[in-house]
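Enquirer: Please read through the structure below; I'll follow up with questions.
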Amino acid sequence: MPIDRRTFAAVTGAMVLGATAGAARAEKTMPNLPFAAVAPISVSRIGIRAKDVENVAGYYKAAVGLAEILRRPGAIVLGAGGKGFLEIEEFRASRPDDPRSAGLYHTAFLLPSRLDLARWTRRAIEERIPVVGASDHLVSEAIYLTDPEGNGVEIYADRPHKSWKWDDGLVQMGTVALDVANLLSELKPGDGGWRGAPDGSMVGHVHLRVGSAPQAQKWWNTELGFDTVQSLAGSAVFLSTGGYHHHVGANSWQSAGAGKRDRDRTGLSFVEFASKTAAAEANHEDPWGNVVRVVPAKA
């Protein structure tokens, strides 16, 4: 089971030693693309609507370590290594997102290495960043947060993809308590600490709220050609391309039977995927009105 912030802090408090977190420019730790990005289709950007765009953007800068890439009237784009992958749009007249409706369950920010996740974790402890869960999923290790307007956030690092176990096309995933002490053992004396999301960071996957996981599975299989890589008793499904553990999750844990999402609420605006085979941009909507864009991947 995931552990809460109090347990997270208790397990790790004695290990908060050494270098403190810095606010310097992100260091380059991974010259090659993460396995998540090598797939034929991968997440390129996500857009969310916020009542207070400055406050929400400030959270992602401070808590997640993203950098401001650009801003235009009514929107701020954040990312890492000069690449923008989170667009926050101002929507002051909106109502708060409803977790029982379709929409965004969480955005999952993939760090290049386990060492990067350990650095982020130590900084989270030192800065007392609120954490709502921390899990080992066998294929990855993840820590969960919630932004100021209720959007779920995952910060994770993948285990080497060659170590993932597959059975008849399905990847073995689980949810057990994260061994935070073992994660922090990656840090060695003199480590420079967290300096913001490093080059190579990206949105590794997006997890959506839907009215029906089997219906979502059928839509992603037929509309966009994603492969089903795991499912949970009809309540959640995980999909990907290129053998990744998942680029998309869809669950009905709180939203079973939901209809089309309200356009006047905060939360998800769009999810954008980069496709190595797409010749032009295409816009789609899943059965619940979640907007999915597919754009040609940049060379």
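The values are calculated or read from the model by the stated rules, or taken from the named source; none is laboratory data. None of these values were measured; they are calculated from a predicted model. Glycine gets a Cβ as well: all are built from the backbone with ideal geometry, and neighbour counts include every protein chain shown.
Enquirer: Taking interchain pairs and intrachain pairs at least six residues apart, which have beta carbon atoms under 7 angstrom, with the first residue in the stretch 125-148 and touching a residue at least 12 places away in the same chain (Cβ under 8 Å) and the second hydroxyl-bearing (Ser, Thr, Tyr) and assigned to a loop (DSSP other than H, G, I, E, B)?
Expert: From residues that are touching a residue at least 12 places away in the same chain (Cβ under 8 Å), the pairs are GLU126/THR20; SER135/THR175; HIS137/THR175.
Enquirer: Let me ask you something else. Identify, please: which residue in the stretch 92-134 is among the basic types (Lys, Arg) and surrounded by 16 or more Cβ atoms within 10 Å (Cβ to Cβ) and is, among those, nearest to GLY267 (Cα to Cα)?
Expert: Residues of the stretch 92-134 among the basic types (Lys, Arg): 92, 95, 100, 114, 119, 122-123, 128.
Imposing the further condition that a residue be surrounded by 16 or more Cβ atoms within 10 Å (Cβ to Cβ) reduces the set to 114, 119, 122-123.
Numbers: ARG114: 29, ARG119: 29, ARG122: 29, ARG123: 27 Å.
Taking the candidates together, the pick is ARG123.
Enquirer: For ASN182, work out the one condition from (1) surrounded by fewer than 17 Cβ atoms within 10 Å (Cβ to Cβ); (2) modelled with pLDDT of 95 or more; (3) part of a loop (DSSP other than H, G, I, E, B) it doesn't fulfil.
Expert: In the conditions (1) surrounded by fewer than 17 Cβ atoms within 10 Å (Cβ to Cβ); (2) modelled with pLDDT of 95 or more; (3) part of a loop (DSSP other than H, G, I, E, B), ASN182 misses (3) alone.
Enquirer: How many of the residues making up the stretch 148-177 are among the aromatic types (Phe, Trp, Tyr) and more than 19 Å from the chain's Cα centre (by Cα)?
Expert: Looking only at the stretch 148-177, we keep the residues that are among the aromatic types (Phe, Trp, Tyr), and these are 156, 164, 166.
Pick out the ones that are also more than 19 Å from the chain's Cα centre (by Cα) and you get 164, 166.
Within the stretch 148-177, residues that are among the aromatic types (Phe, Trp, Tyr) and more than 19 Å from the chain's Cα centre (by Cα) number 2.
Enquirer: From the list SER163, SER201, which residue is hydroxyl-bearing (Ser, Thr, Tyr), surrounded by fewer than 23 Cβ atoms within 10 Å (Cβ to Cβ) and closer than 21 Å to HIS247 by Cα? Break it down stepwise before answering.
Expert: On the way: SER201 fails: surrounded by fewer than 23 Cβ atoms within 10 Å (Cβ to Cβ).
Checking each option against the conditions leaves just SER163.
Enquirer: On the given criteria, is LEU187 buried (at least 17 other Cβ atoms within 10 Å of the Cβ) and either in a strand (DSSP E or B) or touching a strand residue (DSSP E or B) at 6+ places or on another chain (Cβ under 9 Å) (or both)? Don't jump to the end; show me each part of the working.
Expert: Numbers: buried (at least 17 other Cβ atoms within 10 Å of the Cβ): yes; either in a strand (DSSP E or B) or touching a strand residue (DSSP E or B) at 6+ places or on another chain (Cβ under 9 Å) (or both): no.
When the stated conditions are applied, LEU187 does not pass them.
Enquirer: Something else: When LEU117 is evaluated against the numbered criteria (1) touching an Asp or Glu at 6+ places or on another chain (Cβ under 9 Å); (2) within 24 Å of TRP288 (Cβ to Cβ), which criterion, by number, is the only one it fails?
Expert: That leaves (2) as the condition not met.
Enquirer: What's the number of the only condition in (1) farther than 30 Å from ALA62 by Cα; (2) surrounded by 23 or more Cβ atoms within 10 Å (Cβ to Cβ); (3) touching a residue at least 40 places away in the same chain (Cβ under 8 Å) that ALA258 fails to meet?
Expert: ALA258 satisfies all of (1) farther than 30 Å from ALA62 by Cα; (2) surrounded by 23 or more Cβ atoms within 10 Å (Cβ to Cβ); (3) touching a residue at least 40 places away in the same chain (Cβ under 8 Å) except (2).
Enquirer: Looking at the stretch 166-180, which of its residues are of a type in the set (Asp, Glu) and under 11 Å from GLN230 (Cα atoms)? So that I can check it myself, show each step before the final result.
Expert: First, the residues of the stretch 166-180 that are of a type in the set (Asp, Glu): 167-168, 179.
Scanning the stretch 166-180 gives ASP167, ASP168.
Enquirer: Can you tell me which residues in the stretch 127-152 are in contact with an Asp or Glu (Cβ under 6 Å, 6 or more places away or on another chain) and either within 13 Å of THR175 (Cα to Cα) or hydrophobic (A, V, I, L, M, F, W, C) (or both)?
Expert: Within the stretch 127-152, SER140, ALA142, TYR144 meet the criteria.
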